[in-house]
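Enquirer: Take a look at the following structure, please.
The values are calculated or read from the model by the stated rules, or taken from the named source; none is laboratory data. Remember, predicted model here, so these are calculated numbers, not experimental data. Every residue, glycine as well, gets a Cβ built from its backbone with ideal geometry; the counts of neighbours run over all protein chains shown. To get the accessible areas, we keep the full protein, side chains included, count just its heavy atoms, and leave off ligands, DNA and RNA. Shrake-Rupley method; radii C 1.70, N 1.55, O 1.52, S 1.80 Å.
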Amino acid sequence: MDPQLTSQIVPAEEIKVIEECLVRLAEDTGGNYVLLLDKSGQVITAQGDAARQDITALGALIAGTFASSREVAKLLREKDFRQLFTQGVRENIFISLIEDQWILCIIFNKGTHIGLVKVLTKKATDDLSVVLERVREQQKARDDVLGSSFRTSMEDTIDLLFRD
Amino acid sequence: MALINVAAREIHCKIVYYGPGMSGKTSNLQYIHSQVPKETKGELLSIATETERTLFFDFLPLDLGKVRGFQTRFHLYTVPGQVLYERTRVAVLSGADGVVFVADSQKHKLEENIRSLRELAVNITRQNKRFQDFPVVLQYNKRDVPGALPVATLDKYLNTLGWQRFEATATNGAGVFDTLKAISKLVISKL
C-alpha cells in the first residue's frame with residue numbers, strides 16, 4: 001500500500017518521550033503552552049495551561065498557517081520556512097517544523113526572551129526528529145493496535161451519529 | 001495520513017471538502033453542524049471574507065466518542081473554491097485522509113467542475129499520493145436547481161474513476177449525511 005495512505009501510529013512509549021521533551025521546553029523557557037502537531041493540524045500532545053479548551057481549533061489554524069507559509073516559500077523560490085514567529089500584545093507564538101511531518105509550537109509571554117525560545121526550540125526539534133524517525137520506522141500492523149473488529153464497530157457508530 | 005495516538009487511545013482523521021466556488025462546500029459543513037448531537041461536534045470555525053466567501057477554510061471537528069476503546073475524531077475542512085485561491089487549497093489539503101468533491105449540477109458549471117477536479121488530482125499527486133487509490137466520494141450538489149444536468153452526464157465527465165457518488169441539495173440537507181457516511185467509512189477502511 002502507498003505509505004502516504006497508511007496511518008501514523010505513535011506508540012505509548014514514544015508519547016512519553018515527546019511529553020517529557022515538551023515539559024522540559026516549557027519549563028526551561030518559562031513558556032505557557034507547548035503543542036506538538038501533525039502537519040494535518042491534529043494535536044499529537046500538548047503541555048501547559050490545562051484550562052485551554054480550544055486546542056483543536058488552535059491546531060487546525062496553526063497547521064493551516066504553516067501550510068500556507070510553505071506555499072509562500074514556493075512562490076519566493078525559497079525551500080521552506082522552517083520557523084514562524086507571531087508577536088501579540090500579551091502572548092507570542094513560535095512555531096518550528098520537524099522534518100516535513102510535525103510542527104512544534106510554543107506560546108509564551110513577555111517574560112520570556114525570544115532568543116532563548118529559539119535556541120531551546122532548536123534543541124527540542126532535534127530531539128523530536130529522532131522520535132519521528134523511530135515512529136516512521138516501526139511498522140505495526142493496524143489490527144495489532146485497533147483490533148480486527150474495529151472497522152465494523154466504527155461503521156455502526158458512523159451510521160448512528162451521522163444522520164438527520 | 002490518519003494519526004493514531006496509542007497512549008491517549010485516540011484516532012484523528014482529516015476529511016476535506018473540495019470543489020469549485022459556490023458549489024456548496026460550506027453549506028455541507030453548516031448542515032452537519034446543525035444536525036449532529038451537541039456532544040459530537042465542536043465549534044464551526046470559518047475564515048471567510050466580508051461577503052461570506054471562504055477565504056482560507058471552514059473547520060468542523062467531530063468527536064465520535066469511544067469506539068473499541070479508541071476516541072475517534074474526524075476533522076472536516078472546506079477549501080476556498082474561487083480560482084484565485086489555488087495555493088490556499090494546496091495548504092488545506094495537506095495531510096488529508098479523504099476528499100469529498102462537491103460538484104455543482106448546474107449546466108454552466110460543468111467546465112468549472114472538470115477544471116477543479118483536475119486540479120485536485122494534480123494536488124493529491126504532488127503530495128506523493130496515488131490519486132487512483134486516494135479515498136474520494138463525489139457529491140452532485142444543487143439537484144433542486146431547474147435544469148440541473150442529468151446524473152449520467154455528470155458521471156460521464158466527473159466520475160471516470162467510479163467513485164461512490166451522491167445527489168444532494170446541501171441547503172436543505174438532502175444527501176449531506178449519505179456523503180459524510182460514505183467518506184468516513186472509506187477513510188476508516190484505509191486506516
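Enquirer: In sequence order, what are the phi-derived ³J(HN,Hα) couplings for region B:136-149 according to the Karplus relation 6.51 cos²θ - 1.76 cosθ + 1.60 with θ = phi - 60°, rounded to whole Hz, with x for glycine and proline?
Expert: Using θ = phi - 60°, the values come out as 10, 10, 9, 10, 8, 8, 6, 5, 7, 6, x, x, 4, 5 Hz.
Enquirer: Convert 4 °C to kelvin, take the viscosity as 1.567 mPa s, use the Kirkwood radius over C-alpha pairs of region B:129-191 as Rh, and evaluate the Stokes-Einstein diffusion coefficient in µm²/s, rounded to a whole number.
Expert: On the way: Rh = 12.6 Å.
Rounded to a whole number, D works out at 103 µm²/s.
Enquirer: Carbon and sulfur: what percent of the protein assembly as shown's accessible surface (1.4 Å probe)?
Expert: Working: 8000 of 15900 Å².
The C+S portion of the solvent-accessible surface of the protein assembly as shown is 50 percent.
Enquirer: Something else now. Give me the tail of P(r) for region B:13-86 as a percent: Cα-Cα pairs with distance above 20 Å. It would help to have the intermediate numbers written out before the result.
Expert: Details: 869 of 2701 pairs.
Value for region B:13-86: 32 percent of Cα pairs lie more than 20 Å apart.
Enquirer: At B:GLU52 and B:PHE131, where each label point lies 7 Å from the Cα along Cα→Cβ, what is the point-to-point distance in nanometres?
Expert: Each label point lies 7 Å from its Cα, and together they span 3.3 nm.
Enquirer: How much accessible area per residue does region B:54-191 have, in Å², with a 1.4 Å probe?
Expert: Details: 5340 Å² over 138 residues.
Dividing the accessible area of region B:54-191 by its residue count gives 39 Å².
Enquirer: Once the Cβ-Cβ distance between B:LYS66 and A:ASP159 is put in as r, and R0 is 22 Å, what FRET efficiency do you end up with, to the nearest 0.05? Mind dumping the intermediate values first?
Expert: Details: r = 16 Å, r/R0 = 0.74.
About 0.85, to the nearest 0.05.
Enquirer: I'd like the accessible area for A:ILE9: 1.4 Å probe, protein heavy atoms, all chains in place, Å² to the nearest 10.
Expert: Looks like 10 Å² after rounding.
Enquirer: For the pair A and B, how large is the buried accessible area, both sides, in square angstrom to the nearest 100, if the probe is 1.4 Å?
Expert: Details: alone 10670 and 9850 Å², together 15900 Å².
In total, chains A and B hide about 4600 Å² from solvent.
Enquirer: What are the ³J(HN,Hα) couplings of region A:96-112, residue after residue, when phi is run through the Karplus curve with 6.51, -1.76, 1.60 and θ = phi - 60°? Round to Hz, x for glycine and proline.
Expert: For region A:96-112, the Karplus curve yields 9, 8, 10, 6, 10, 10, 10, 10, 9, 9, 10, 10, 9, 10, 4, x, 10 Hz.
Enquirer: Between A:SER148 and B:ALA121, what is the spin-label point distance in nm, taking each point 7 Å from the Cα along the Cα→C-beta axis?
Expert: 3.8
Enquirer: Here's a follow-up. Considering only protein heavy atoms, what per residue accessible area in square angstrom results for region A:9-139 with a 1.4 angstrom probe? Intermediate values should be presented prior to the final figure.
Expert: On the way: 6410 Å² over 131 residues.
Spelled out: the 1.4 Å probe surface of region A:9-139, per residue, equals 49 Å².
Enquirer: Something else: Relative to the compact-globule scaling 2.2 N^0.38 Å, provide the ratio for the alpha-carbon radius of gyration of region A:62-142.
Expert: Numbers: Rg = 14.6 Å, N = 81, 2.2 N^0.38 = 11.7 Å.
Expressed relative to 2.2 N^0.38 Å, the Cα Rg reads 1.25.
Enquirer: Still on this structure: Zone of A:LYS122 (label point 7 Å along Cα→Cβ, backbone N under 16 Å): which residues in region A:70-90?
Expert: The answer is A:82-85.
Enquirer: Using a 1.4 Å probe on the protein heavy atoms only, what accessible surface does B:MET22 show? Give it in Å² to the nearest 10.
Expert: That residue has around 110 Å² of solvent-accessible surface.
Enquirer: Please list B:SER94, B:SER46 from largest to smallest accessible area, probe radius 1.4 Å, with all protein chains kept in place. Write out the running numbers ahead of the final one.
Expert: Numbers: B:SER94 10, B:SER46 65 Å².
My answer, sorted largest first, is B:SER46, B:SER94.
Enquirer: What are the equivalent ellipsoid semi-axes of chain B, built from the alpha-carbon gyration tensor (square roots of five times its eigenvalues), in whole angstrom, biggest first? Walk me through the numbers before you get to the answer.
Expert: Values: eigenvalues 131, 67, 55 Å².
After diagonalising the Cα gyration tensor, the semi-axes are 26, 18, 17 Å.
Enquirer: Further question on the same structure: Have a look at B:THR40, B:THR54, B:THR171 and tell me which one the Gaussian network model of chain B (Cα, springs below 10 Å) gives the largest fluctuation.
Expert: It is B:THR40.
Enquirer: Roughly how large, in nm² to one decimal, is the mean projection of the convex hull of the alpha-carbon atoms in region A:5-59?
Expert: Numbers: hull surface 17.2 nm².
Average projection, Cα convex hull of region A:5-59: 4.3 nm².
Enquirer: How much of the calculated P(r) for the protein assembly as shown lies past 25 Å, in percent of all Cα pairs?
Expert: Working: 33395 of 62835 pairs.
In whole percent, the long-distance tail amounts to 53.
Enquirer: In nm, to one decimal, how far is the A:ARG134 label point from the B:THR160 one, both placed 7 Å along Cα→Cβ?
Expert: Simple spin-label model gives 4.7 nm for this pair.
Enquirer: Just how far, in whole angstrom, is region B:31-47 from region B:147-191 if you go by their alpha carbon centroids?
Expert: Answer, in whole Å: 21.
Enquirer: Relative to the compact-globule scaling 2.2 N^0.38 Å, provide the ratio for the alpha-carbon radius of gyration of chain A. Can you show the working numbers first?
Expert: Numbers: Rg = 17.7 Å, N = 164, 2.2 N^0.38 = 15.3 Å.
Its radius of gyration relative to the 2.2 N^0.38 Å reference: 1.16.
Enquirer: Name the residues of region B:43-76 whose accessible area, probed at 1.4 Å, falls by at least 20 Å² once all protein chains are in place instead of their chain on its own?
Expert: Buried on complex formation: B:LEU45, B:PHE56, B:PHE57, B:PHE59, B:LEU64, B:VAL67, B:ARG68, B:PHE70, B:HIS75.
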